[in-house]
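In what follows, a single structure is set out as structure tokens and then discussed.
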Amino acid sequence: MRASIVDSRLPEARETQQSRESHASRETLIDDLERCCARLFERWCESRRVVPLAYLMHAWPLADASMHPAKRLAGALRDLLHFHADALDSSDRRLIRYALAAAEMATLL
């Protein structure tokens with residue numbers, strides 16, 4: 001029993017634990033990003049807003065949970081906010097900002 005206490009204090013054990021926690025946190029953030037995009041997709045399909053849909057569909061759905069697809073999606077959403085803000089309502093902008101925050105936090109882990 002004492003050996004397990006000592007082992008958990010070793011740098012390698014702490015790094016492994018931090019790595020697992022980081023991975024779980026990243027997956028949660030990617031899941032949040034996916035939910036935001038699904039909601040945006042539903043909203044824009046229902047209202048037949050083609051321009052926002054085109055930006056979203058350029059990078060979503062995510063092919064995998066790695067950082068490259070999430071960064072690409074974040075870039076597409078930033079471009080949408082920048083170039084077509086007039087095509088978005090306050091709920092859209094709020095969901096996009098939340099998705100961008102989730103993508104950014106995921107890249108930091």
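So if we plug the beta-carbon distance of H58 and A24 into 1/(1 + (r/R0)^6) with R0 = 30 Å, what FRET efficiency do we get, rounded to 0.05? Provide the component values of the computation, followed by the final result.
Details: r = 29 Å, r/R0 = 0.96.
E(calc), rounded to 0.05, equals 0.55.
Give me Rg over Rh for the range 29-90, both radii from the alpha carbons and Rh done the Kirkwood way, two decimal places.
On the Cα set of the range 29-90, Rg over Rh gives 0.95.
Given points 7 Å out from each Cα along the Cα-Cβ axis, report the D79 to V50 separation in nanometres with one decimal.
1.8 nm
Can you list the trypsin sites (Lys or Arg not before Pro) in the range 37-101 that are in a DSSP coil and have 10 or fewer other beta carbons within 10 angstrom?
Sites meeting the loop and neighbour criteria: R48.
Throughout, read-outs are computed from the coordinates displayed, never taken from laboratory work. All of these numbers come straight from a predicted model, not from anything done at the bench. Don't worry about glycine lacking a Cβ; one is built from the backbone with ideal geometry, like all the others, and counts go over all protein chains shown.
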